[in-house]
Amino acid sequence: MERGNRLEPVIIEWVQSLEAIVLYTPKKLHCLNKDGARLIATIDAMCAHDDRVYEIKTISKRWDGKLPAHWYWQGVQQAACVGVHEIFWRIFDSDMMIHNYTQWVSSDEIQMHINAAAEFLKAIDNGVLPDDVVLSYENASDLYNKPIAKQVILNDDAMDLIIRIEHIKVAKKEFEKLESEAKAELAFLMKDAEEAVIGDRVVATWKSQKRRVFDSARFESEHPALSEKYRKDTEFRVLKTKGKK
């Protein structure tokens, strides 16, 4: 996001120069409230001559010519909110080049998106979980972050879930051990080489990395009062299972 925010204005100017057009960034949000769907889109740039919609992206890898799914549906939402059927993508990739891609958005795609958004928002408005949403453990932690000193009675089916978690923890440790052993074998094959190749393809890299860390122990030892001033307590819940005895 930081990269995109800094480079986006530069890329817009670059596109203007390359294509001999005038682009502007709309100061307003484009919204659509239809058939129960409430959609909002921010537009990176529009053409001053014909209001064509331009979406600017920067990526740290080479552009493969295909829109990722989340980009694709972003384009559909922009088309729905602005009332157009084309989104002009300008993508700056690791080759330091700007690639052009035009996304044609059909009326059927727009209506499909509107219907899906309406169903999703209907569930949210009713305070229920949308049908195709699966909450994660992190979601549960956010929803129930304050424990109460009480017990909940579960049925016998819950024991199957607890046993499954226990088995997964054991399997995780076994796979971590296998991964460590396999990495050790590969490391001894590579020795001090940074890259390993098979044929003309680089199949593994083993390079040094540097990072600067804050020596909190030394800071606390030399400046105990200041260390205490900037210390804060965080509270979180830890879920532990206890299998059958």
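The values are calculated or read from the model by the stated rules, or taken from the named source; none is laboratory data. Computed from a predicted structure; not experimentally measured. All Cβ positions, glycine included, derive from the backbone under ideal geometry; neighbour counts span all protein chains shown. Surface areas here come from the heavy atoms of the whole protein model, side chains and all, with no ligands, DNA or RNA. Shrake-Rupley method; radii C 1.70, N 1.55, O 1.52, S 1.80 Å.
Scanning for something under 19 Å from Ala69 (Cα atoms) and touching a Gly at 6+ places or on another chain (Cβ under 6 Å), does segment 81-99 turn up at least one residue? Before you say what the answer is, go through the steps one by one.
First, pick out the residues of segment 81-99 that are under 19 Å from Ala69 (Cα atoms): 81, 85-93, 99.
Now narrow it down to the ones that are touching a Gly at 6+ places or on another chain (Cβ under 6 Å): 87.
The answer is yes; a qualifying residue exists.
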Subset of segment 35-51 that is assigned to a loop (DSSP other than H, G, I, E, B) and among the hydrophobic types (A, V, I, L, M, F, W, C) - its residue that is nearest to Gln111 (Cα to Cα)
Ile43
Among the numbered criteria (1) over 21 Å from Glu119 (Cα atoms); (2) at pLDDT 95 or above, which one does Lys27 miss?
(2)
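Which residue, of Ile163, Ile168, Ile148, is free of Cβ contacts under 8 Å to residues at least 12 places away in the same chain and assigned to a helix (DSSP H, G or I)? Don't jump to the end; show me each part of the working.
Details: Ile163 fails: free of Cβ contacts under 8 Å to residues at least 12 places away in the same chain; Ile148 fails: assigned to a helix (DSSP H, G or I).
Testing whether each residue is free of Cβ contacts under 8 Å to residues at least 12 places away in the same chain and assigned to a helix (DSSP H, G or I) leaves just Ile168.
Does Ile21 satisfy the criteria of being at pLDDT 95 or above, open to solvent by less than 50 Å² (accessible area, probe 1.4 Å) and more than 26 Å from the chain's Cα centre (by Cα)? Quick ask: steps written out before the conclusion?
Values: at pLDDT 95 or above: yes; open to solvent by less than 50 Å² (accessible area, probe 1.4 Å): yes; more than 26 Å from the chain's Cα centre (by Cα): yes.
Against the criterion (at pLDDT 95 or above, open to solvent by less than 50 Å² (accessible area, probe 1.4 Å) and more than 26 Å from the chain's Cα centre (by Cα)), Ile21 qualifies.
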Can you pull out the residues in segment 32-55 that are of a type in the set (A, V, I, L, M, F, W, C) and open to solvent by less than 80 Å² (accessible area, probe 1.4 Å)?
Leu32, Ala37, Leu39, Ala41, Ile43, Ala45, Met46, Cys47, Ala48, Val53
Number of the exception - His70 against (1) over 19 Å from Gln111 (Cα atoms); (2) open to solvent by 70 Å² or more (accessible area, probe 1.4 Å); (3) not hydroxyl-bearing (Ser, Thr, Tyr)
(1)
Among the residues of segment 97-156, which ones are open to solvent by 100 Å² or more (accessible area, probe 1.4 Å) and of a type in the set (Ser, Thr, Tyr)?
Tyr137, Tyr144
